[in-house]
Amino acid sequence: MLIFDWCVYLTFFLVRKRLYQLSVHIMFLHWQHLDFIMATLDSKYVLILKEEELCKNK
């Protein structure tokens, strides 16, 4: 019975560790993706502002 409990505990521990690594990995990817989206939006916004300035100067 004790060995069985130990196996269950060990399995649970390993699964939990794996899930934790996975969630960290997913969060990291998500943040990278978010940074990329924000950078893209920023660059588009800057381009729009520059175009507006060029139109005003003409």
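Taken along the Cα-to-beta-carbon direction at a fixed 7 Å, the label points for H25 and N57 span 4.9 nm.
Taking the Cα centre of the chain as origin and assigning +1 to Lys and Arg Cβ atoms and -1 to Asp and Glu Cβ atoms, the resulting dipole is close to 80 debye. Using the Stokes-Einstein relation with a Kirkwood hydrodynamic radius computed over Cα pairs, the translational diffusion coefficient of the chain at 25 °C and a viscosity of 0.890 mPa s comes to 158 µm²/s.
Values in this text are rule-based calculations from the coordinates and carry no lab data. Treat the numbers as computed from the prediction; the structure is a model and nothing was measured. We place every Cβ from the backbone using ideal geometry, glycine too, and count neighbours over all the protein chains shown.
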